[in-house]
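Right, one structure below, let's go through it.
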Amino acid sequence: MVPATYYLALSIVLFVIGAVGFLIRRNLIIMFMSIELMLNAANLAFVTFARQQLAMDGQVIVFFVMTVAAGEVAVGLAIIIALFRHRETLNADEVRMLRW
Amino acid sequence: MTPLTFFPLAALIVAAALGVILNRHPIRSGLCLAATLFLLAIMFVFLDAHLVAALQIIVYAGAILVLFLFVIMLLNLEAELPQRRRQNLTIAATVAGGLFAAAGIYALFTSGGQLPGPGTAAAPPLEFGSSAALGYRLFTHFVLPFEITAVLLLVAVLGAVVLAKKKMS
């Protein structure tokens with residue numbers, strides 16, 4: 001059997017891929033997908049711990065994370081559509097109205 | 001799950017995740033994300049999280065991903081051009097991320113102490129991961145967060161409609 005540490009290592013790698021993707025890409029949609037990757041890495045860790053402890057709570061939390069992710073994607077993509085309608089761009093470097 | 005199945009699956013997941021962040025074209029990134037989510041669902045099945053695996057495919061790969069692809073096609077995005085002036089940031093982010101991952105994995109494998117709990121080798125109870133077990137927990141111990149989630153989804157729907165509709169002026 002593969003011990004839980006291996007799953008957690010995979011979870012760390014996935015999370016880092018998401019975080020690096022968020023930093024190096026400037027396309028807002030791909031930055032968004034990177035956030036989904038990070039959420040999925042967290043889900044994997046939760047499911048691993050649920051299996052490790054043989055407790056269902058970790059899986060219930062994953063259920064909540066998925067719900068929040070669904071809501072977040074709906075609102076985020078609506079913001080992206082509104083932004084594209086205003087500025088005709090999805091490049092995060094060109095959207096700097098609120099930056100100092 | 002034996003190492004013989006774990007490592008190829010993990011390698012595929014990492015490759016698909018890298019595809020998400022390295023592809024120039026958003027559509028290809030989206031398809032790589034779909035692959036990542038499906039492969040993670042397989043991983044969940046091996047961790048005896050059967051309902052979560054099904055939800056992963058239905059909610060993530062079904063609903064969320066379709067929303068992504070829908071918006072990408074709606075906005076008719078073209079491939080991102082490589083930007084030379086951002087190369088320093090790219091290198092810095094990659095190095096920092098690599099260090100973070102290395103530190104985390106090092107801490108995982110050298111901390112010595114075993115993780116608490118019966119472990120992944122112990123046989124789970126028959127109910128483990130089933131919709132009955134998850135639903136029971138959800139409607140007893142987690143019933144208040146569950147109700148709040150309903151409100152959250154309602155607010156998200158309203159917010160999405162308000163944000164995405166055309167200005168009435």
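The values are calculated or read from the model by the stated rules, or taken from the named source; none is laboratory data. Quick caveat: nothing in here was measured; it's all calculated off a predicted structure. Don't worry about glycine lacking a Cβ; one is built from the backbone with ideal geometry, like all the others, and counts go over all protein chains shown. Surface areas here come from the heavy atoms of the whole protein model, side chains and all, with no ligands, DNA or RNA. Shrake-Rupley method; radii C 1.70, N 1.55, O 1.52, S 1.80 Å.
Among B:55-66, A:43-54, sorting by the average number of other beta carbon atoms lying within 10 angstrom of each residue, highest first, gives A:43-54, B:55-66.
Solvent-accessible surface (1.4 Å probe) assigned to B:V143 amounts to roughly 60 Å². Projecting label points 7 angstrom from Cα along Cα→Cβ for B:F109 and B:A92 puts them 3.0 nm apart.
Counted as membrane-span-like here are DSSP H helices of chain B whose alpha-carbon atoms extend 27 Å or more along the helix's own axis and whose Kyte-Doolittle mean is 0.0 or above; these are B:3-22, B:26-46, B:87-110, B:143-164.
In the range A:1-39, which residues have a backbone nitrogen under 12 Å from the label point lying 7 Å from B:F100's Cα in the Cα-to-Cβ direction? Counting only backbone N, you get A:12-24, A:35, A:38-39. Helix A:4-24 sits at what angle to the longest principal axis of chain A, using alpha carbons and giving 0 to 90 degrees rounded to 10? Its long axis makes an angle of about 10 degrees.
Counting only protein heavy atoms and a probe of 1.4 Å, the accessible surface of the protein assembly as shown is 73% carbon and sulfur. If the Kirkwood radius is taken over C-alpha pairs of the range B:89-169, then at 10 °C and 1.306 mPa s the Stokes-Einstein diffusion coefficient equals 86 µm²/s. Here the translational diffusion coefficient of the protein assembly as shown follows from Stokes-Einstein with Rh set to the Kirkwood radius across Cα pairs; for 20 °C and 1.002 mPa s it amounts to 109 µm²/s. Structure remark: mean-square fluctuation, Gaussian network model of chain B, C-alpha springs under 10 Å; the largest value among B:V20, B:V52, B:V151 belongs to B:V151.
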